[in-house]
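Inspection log for the structure reproduced underneath, given as structure tokens.
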Amino acid sequence: MTTIRRAELTLPGAPLGPANPLPPLLSPHQVQTVSVDERLREELPLDMRRQLGYGPLHSVLPAQVLDGYDRSRAELTLDTLVLENSRLRATVLPGFGGRVHSLHHKPTGRELLYTNPVFQPAAFALNGAWFSGGIEWNIGATGHSTLSCAPVHAARVEAPDGGEMLRLWEWERLRDTPFQVDLWLPEESDFLYVGVRIRNPHDKSVPVYWWSNTAVPEERRVLVPAEEAWHFGYEHALRRLPVPDSDGADRTYPLNSEHPADFFYDLPDGERRWMAALDEQGHGLAQASTDRLRGRKLFTWGSSAGGRRWQRWLTEPGTGGYAEIQAGLARTQLEHVRLEAEGEVSWCEAYGPLTTDAAVVHGNDWSAARQEAAARLEEALPRAELHKAYEQWRTRADTEPGERLATGSGWGALEVLRAGHKLPGTPFDESMLSAEQAPWIELSHNGSYPEPRRVAPPGPSLVAPHWRNMLETAPAAPLTEYHLGIAQWHAGDLSQAVRSWERGLELAPSVWPLLRCLAVADREAGQIQRAADRYVEAFDDLCAERREAEVWTAACAALGREAIAVLLAAGRPAEARSVWERLRPVTRTRGRFRLSEVQLLMAEGETAAARRIFDEGFEVADLYEGDETLGEIWAALSEDPLPETYDFRMRPQG
């Protein structure tokens, strides 16, 4: 029979470190913008045209940014949940968004996924830390989920066939939408079944986003039932291309693309929704779904120097690269889908091995290649069988979980406690609440946000309209005004946010959190000198207040990093140097701050010293996807070609 058991995975890894305690007031770097030629726009399907501009993300609030990691690896042990039948073994990471780390096919001994041999966070998620490999569940908004490196709830549930099913669930905070992912393995099945449901418990519609993202070895050919695709590269332009050949190369082989790129395939209406990645022997992974999950995508790092550098950066050099095959609710990841008030959306996916005629699937006849893959998939997993599995799963979707196997956050429990949402199958009960939710419970119950009993950086803010309304009617107090200003800023009421922060300053015993918010507002308003003044005052106050604890070191690093950048932009390198010298020694050794030191030395006219830091070598652990800062600074320091170790460029030069 199918079993679920706890286990551990030990591998070289870099710990996540503490969350950044500063609220992320600005749009994340990872938010994608898109340019669409007007002639192409007129050719787009009506729903795609509408969804391209619907529900864009302007902030990752109320999530916190995860940037406390580095690239120093040691032996790391991660909790896993192993779902297993006689033919497949799926290893799930409940502490990291419920990612499927491995899918092992027992009869052939093949690993069906790309499994990363290390745990190396990188700044690819909307809120920072993310890692590559396996199957990840991306919900919320365009990009990798804020839950990429966060725990989710997990429990046993009865599966549609009467065996055991693993339920994962959480509250997605960008859109305030609860969701669940149910995984089960019918006995003797070669396919892992996945039932997904997103619910909107509110009285108004919300934009939703979902892409199941599967990493596979990049030496495979990607098969999909499509003859056209939308190409989206790091030039941020969308254009339509034929499949498989475009610009003189077969783009269904990931390494045939020079630069990193997305290929969103245009699956015709009525076609089965599937995708496969097959090796030179015709073996590999197939992913199929019911029709609601309509989109399919290939992401490739390509063959350019920058793409190869990213591959080595995200894993262990010499262990092989990966590509991603993905499935989503919309045609492209640049779209969000409307979920009506009190509505829900659900579907079923399946992942398993596929064996085909290698000569056909790697042949020059694209129609024959995809028909061969489709035929073998129909034999291995008939379309009707998957739809039947979905219908059977729907009868179990509301089943209350049994034994709890992992615990996520308490934010969903807070929302249910506040509003009394009824969410059968995904309990968010009071046992899940933690100290982070305590002040918000008091606000909800008593109408006031408690002031802290000891000096500490402020806790996380909540920004949804109902919390903003409560803060507006709560008694005025420094911490209340701080959180109220953040909620108002998130809602786009920038002038009122500034007034709230200024009111909070009048009585605040700790002024640096409020001053930092005002400094961000000043910089956004183009008042760079006033922003610099406030950053200096904020950092002085923080240094006078800080204690010997991890959260204080994180706060000092985050505020110092912002202050140095603004002071340099304001042409005040002496004050930037003063901030630098008061950072903790452990902070100054981190790659991001070595880069800040380079910029500081350049502002001081010490270009030779700045160049020596490059020559000595450093690594910016939280370099975000598409960041070209290293190349730009190198070009200002040297006429030599950009060294390979600093080459993360993701688009054609010039």
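The values are calculated or read from the model by the stated rules, or taken from the named source; none is laboratory data. Here the structure is a predicted model, which means the values were calculated and not measured. With ideal geometry, Cβ positions are generated from the backbone for all residues, glycine too; neighbour counts draw on all protein chains shown. SASA here: full protein model, heavy atoms, side chains in, ligands and nucleic acids out. Shrake-Rupley method; radii C 1.70, N 1.55, O 1.52, S 1.80 Å.
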Some residue of the stretch 344-354 being in a loop (DSSP other than H, G, I, E, B) and open to solvent by less than 60 Å² (accessible area, probe 1.4 Å): no
Conditions (1) more than 30 Å from GLN51 (Cβ to Cβ); (2) open to solvent by 10 Å² or more (accessible area, probe 1.4 Å); (3) among the polar types (S, T, N, Q): number failed by THR315: (2)
Test: residue in the stretch 281-288 that is over 24 Å from LEU241 (Cα atoms) and outside any strand (DSSP E or B): yes
Condition check for ALA226: over 22 Å from the mean Cα position of the chain (by Cα) and surrounded by fewer than 22 Cβ atoms within 10 Å (Cβ to Cβ): yes
Only one of ALA435, ALA413 that is of a type in the set (Gly, Ala, Ser), at negative phi and surrounded by 13 or more Cβ atoms within 10 Å (Cβ to Cβ): ALA413
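Yes/no per residue for (1) exposed (fewer than 14 other Cβ atoms within 10 Å of the Cβ); (2) on the phi > 0 side of the Ramachandran plot; (3) not hydrophobic (A, V, I, L, M, F, W, C):
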{"position": "ALA608", "(1), (2), (3)": "yes, no, no"}
{"position": "GLU616", "(1), (2), (3)": "yes, no, yes"}
{"position": "ALA621", "(1), (2), (3)": "no, no, no"}
{"position": "LEU630", "(1), (2), (3)": "no, no, no"}
{"position": "TRP634", "(1), (2), (3)": "no, no, no"}
{"position": "LEU637", "(1), (2), (3)": "no, no, no"}
{"position": "LEU642", "(1), (2), (3)": "no, no, no"}
{"position": "TYR646", "(1), (2), (3)": "no, no, yes"}
{"position": "PRO652", "(1), (2), (3)": "yes, no, yes"}
Positions within the stretch 133-144 being open to solvent by 10 Å² or more (accessible area, probe 1.4 Å), at negative phi and either in a loop (DSSP other than H, G, I, E, B) or in contact with an Asp or Glu (Cβ under 8 Å, 6 or more places away or on another chain) (or both), in sequence order: THR142, HIS144
Of all residues in the stretch 483-538 being open to solvent by 40 Å² or more (accessible area, probe 1.4 Å) and among the polar types (S, T, N, Q), the one that is nearest to LEU471 (Cα to Cα): GLN496
Subset of the stretch 19-43 (residues that are modelled with pLDDT of 90 or more and open to solvent by 40 Å² or more (accessible area, probe 1.4 Å)): LEU26
When residues of the stretch 158-205 are limited to those that are of a type in the set (A, V, I, L, M, F, W, C) and open to solvent by 10 Å² or more (accessible area, probe 1.4 Å), the one farthest from PHE428 (Cα to Cα): LEU174
Number of the condition not met by ALA277 [criteria: (1) touching a Gly at 6+ places or on another chain (Cβ under 7 Å); (2) in a helix (DSSP H, G or I); (3) among the hydrophobic types (A, V, I, L, M, F, W, C)]: (2)
Single residue of ASP247, ASP291, ASP262, ASP266 found to be touching a residue at least 60 places away in the same chain (Cβ under 8 Å) and over 24 Å from the mean Cα position of the chain (by Cα): ASP266
Out of LEU16, LEU46, sole residue that is surrounded by fewer than 21 Cβ atoms within 10 Å (Cβ to Cβ) and at pLDDT below 95: LEU46
Every pair of residues 6+ apart whose Cβ atoms lie under 6 Å, when the first sits in the stretch 585-597 and is among the β-branched types (Val, Ile, Thr) while the second is open to solvent by less than 70 Å² (accessible area, probe 1.4 Å) and modelled with pLDDT of 95 or more: THR587/ALA557; THR587/PHE593
Lone unmet requirement of (1) in a helix (DSSP H, G or I); (2) open to solvent by less than 20 Å² (accessible area, probe 1.4 Å); (3) out of contact with any Phe, Trp or Tyr (no Cβ under 9 Å at 6 or more places or on another chain) for HIS387: (2)
Residue match in the stretch 111-122 (condition: modelled with pLDDT of 95 or more, part of a loop (DSSP other than H, G, I, E, B), closer than 18 Å to GLY410 by Cα and aliphatic (A, V, I, L, M)): no
Selection from the stretch 230-262 of residues that are within 18 Å of LEU278 (Cβ to Cβ) and open to solvent by less than 10 Å² (accessible area, probe 1.4 Å): THR252, PRO254, SER257
Residue list for the stretch 621-647, filter: in a loop (DSSP other than H, G, I, E, B) and within 22 Å of GLY128 (Cβ to Cβ): ALA621, ASP622, LEU623, GLU625, GLY626, ASP627, GLU628
Residue selected from the stretch 208-223 under the condition part of a loop (DSSP other than H, G, I, E, B) and over 22 Å from HIS153 (Cα atoms), by the criterion least open to solvent (accessible area, probe 1.4 Å): GLU218
Residue pairs meeting the criteria (Cβ under 8 Å; at least 6 apart or on separate chains; first on the phi < 0 side of the Ramachandran plot, in the stretch 440-451; second surrounded by fewer than 17 Cβ atoms within 10 Å (Cβ to Cβ) and part of a helix (DSSP H, G or I)): SER448/GLU442; TYR449/GLU442; PRO450/GLU442
Failed condition for ALA557, given (1) part of a helix (DSSP H, G or I); (2) farther than 24 Å from HIS144 by Cβ: (2)
Pair list, Cβ < 8 Å and 6+ apart or interchain, from the stretch 483-508 residues that are more than 19 Å from LEU57 (Cα to Cα) to residues that are of a type in the set (Asp, Glu) and surrounded by fewer than 24 Cβ atoms within 10 Å (Cβ to Cβ): LEU484/GLU472
Answer from ARG309, ARG338 - the residue that is touching an Asp or Glu at 6+ places or on another chain (Cβ under 6 Å) and of a type in the set (Lys, Arg): ARG309
Residue match in the stretch 312-321 (condition: touching a residue at least 60 places away in the same chain (Cβ under 8 Å), more than 24 Å from the chain's Cα centre (by Cα) and outside any helix (DSSP H, G or I)): no
Top-ranked residue in the stretch 453-482 [being of a type in the set (S, T, N, Q) and open to solvent by less than 20 Å² (accessible area, probe 1.4 Å); ranked as farthest from the chain's Cα centre (by Cα)]: THR480
Among (1) within 24 Å of ALA350 (Cα to Cα); (2) among the polar types (S, T, N, Q); (3) part of a loop (DSSP other than H, G, I, E, B) - the single one SER461 does not satisfy: (1)
Failed criterion for GLU235 (all others in (1) out of contact with any Gly (no Cβ under 6 Å at 6 or more places or on another chain); (2) farther than 24 Å from GLU43 by Cα; (3) modelled with pLDDT under 95 hold): (2)
Only one of VAL520, VAL536 that is in a helix (DSSP H, G or I) and within 30 Å of the chain's Cα centre (by Cα): VAL520
